[in-house]
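S.K.: Quick one: the structure is below, questions incoming.
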Amino acid sequence: MKRLFKNIGILAGVAPAGVLRKQGAEMSDAGIIEDAWLLTDGSRIAAFGNASVPCPDAGETVDCEGGMLMPAFCDSHTHIVYAGSRDGEFLDKINGLSYEQIAARGGGILNSSDLLHQTSEDDLYRQSVARAREMMAKGTAAMEIKSGYGLNPQDELKMLRVIKRIRESVPALVRTTFLGAHAVGRGYTKEQYVQAVIDMLPQAAEYADYVDVFCDEGFFTVSDTARILAAAAPLALRPKIHANELAASGGVQVGVAHGALSVDHLERAGEAEIEALRGSATMPTMLPGSSFFLGIPYAKAREFIAAGLGISLASDYNPGSSPSGDMRFVMALGCIKMRLTPAQAFNAVTINGAYAMGVSDVTGSITAGKRADLILTFPGWTLTKLPYTYQTPFIRQVFAAGEKI
Ligand code: NIG
Ligand code: FE
């Protein structure tokens, strides 16, 4: 079915075909057309233009009444498949314990792993797909989902099957990442567990697009990470790495050396990491929701952009460090706390987020032929107002592959 959006006040995120990411000064270009129309044909964007260009007829017409139409958010880093919650640890955190202290007491990722072990696959699916739907209602139409709370072969596979079920049951575009190396599973030494993760790779590769390692102080070292990534390469599992959240871990460098699609977190990254990223195909991905929730520094986004790099922003939706998948709030944190301009933050949550999960050829911008992954706002909204009045409802309708959410 063809659908015509007319009376669009601001069409944002217009990009020529072939633009897969934005870097440096390009991040300031939000691709705006004022007074526009846009035509979708089934699941795809067919055409668009300024109101001075005659628009075609369509089966359904949506009068946008001057609202903004923009690409839906692309959230390239989430852990939404988890069981229960960690609200007990929320109290520990309020009482002054750090993320590392909570983890050292057997809380943190291991706590989620125990809960997941006790939860049936059906129940895990029900809890997790609800989070995917929550994200979609808030404007996300492409999301990456990681394993990493199984921490043994059976439970990691359980998670990967649940992600597959989500992928098949929602209209959002889902990419899957195997994060066996999220923490050392119970009953293993670190050495044994790194080997177990390597042994899990062939089966994980049947489900996953990418491989991730939590390369950080107290978790996995650069040499653990290099071993896992080397074993993943022949299986065509490209790396997306958790790096430099808790310390200057070397995670960025090892990720870039192994051709990572993205290196994520970067709260403790500076000149050396920027140097390592220069000229690479790796997208630095920043997760301000975890800086906000954990009270740790924000990544130095402006320094990366000033060095000519692109950055993407993602939610990191998970029960321990960022219990929210609200990409509009992520955009607001990008502007308020990292001092990105609204245009830079917008590119970071759309086209560059799509790049960081390997889907920017099919979504993340207003480009003919791409998926009709769209957010229509109420009248009067602008890119600046999204992060500025950051809690006022702005979504009139979300579309994922042309389907109303
Ligand atoms: O990205 N840093 C490692 N992993 C997650 C947190 C997972 C958890 O605490 O459950 C993150 O912040
Ligand atoms: Fe994460």
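S.K.: Nearest 5 percent is fine: what portion of the DSSP beta bridges confined to the chain is antiparallel?
M.R.: Of those bridges, close to 40 percent are antiparallel.
S.K.: So how strong a dipole does the range 1-129 carry about its Cα centre when Lys and Arg Cβ are +1 and Asp and Glu Cβ are -1, to the nearest 20 debye?
M.R.: With Lys and Arg at +1 and Asp and Glu at -1, about 240 debye.
S.K.: A further question follows. Under a 1.4 Å probe, what is the accessible area of the range 74-355 per residue, stated in Å²?
M.R.: Values: 9370 Å² over 282 residues.
On a per-residue basis, the range 74-355 sits at 33 Å².
S.K.: Residue by residue through the range 78-95, what is 3J(HN,Hα) from phi via Karplus (6.51 cos²θ - 1.76 cosθ + 1.60, θ = phi - 60°)? Round to whole Hz and write x for glycine and proline.
M.R.: Per-residue couplings from phi come out as 9, 10, 7, 8, 8, 9, x, 8, 10, 5, x, 5, 4, 5, 4, 5, 4, 7 Hz.
S.K.: May I pose another question? For the range 147-206 and the range 308-335, what is the separation of their Cα centres, given in Å?
M.R.: Comparing the Cα centres of the range 147-206 and the range 308-335, I get a distance of 23 Å.
S.K.: Considering only protein heavy atoms and a 1.4 Å probe, what is the carbon-and-sulfur percentage of the accessible area of the chain?
M.R.: Accessible surface attributable to carbon and sulfur in the chain totals 52 percent.
S.K.: Based on the Cβ-Cβ distance from Ser120 to Ala25, what FRET efficiency comes out when R0 is 51 Å, to the nearest 0.05? If you can, show how the numbers build up before the last one.
M.R.: Details: r = 51 Å, r/R0 = 1.00.
Working from the Cβ atoms, E equals 0.50.
S.K.: In sequence order, what are the phi-derived ³J(HN,Hα) couplings for the range 134-143 according to the Karplus relation 6.51 cos²θ - 1.76 cosθ + 1.60 with θ = phi - 60°, rounded to whole Hz, with x for glycine and proline?
M.R.: In residue order, the calculated couplings are 4, 4, 5, 4, 8, x, 9, 10, 9, 9 Hz.
The values are calculated or read from the model by the stated rules, or taken from the named source; none is laboratory data. Since the structure is predicted, the reported quantities are computational estimates derived from the model, not experimental observations. Positions of Cβ are generated from backbone atoms using ideal geometry, with glycine treated the same way; all protein chains shown enter the neighbour counts. Ligands, DNA and RNA are stripped out before the accessible areas are found, and what is left, the full protein with its side chains, is counted by its heavy atoms. Shrake-Rupley method; radii C 1.70, N 1.55, O 1.52, S 1.80 Å.
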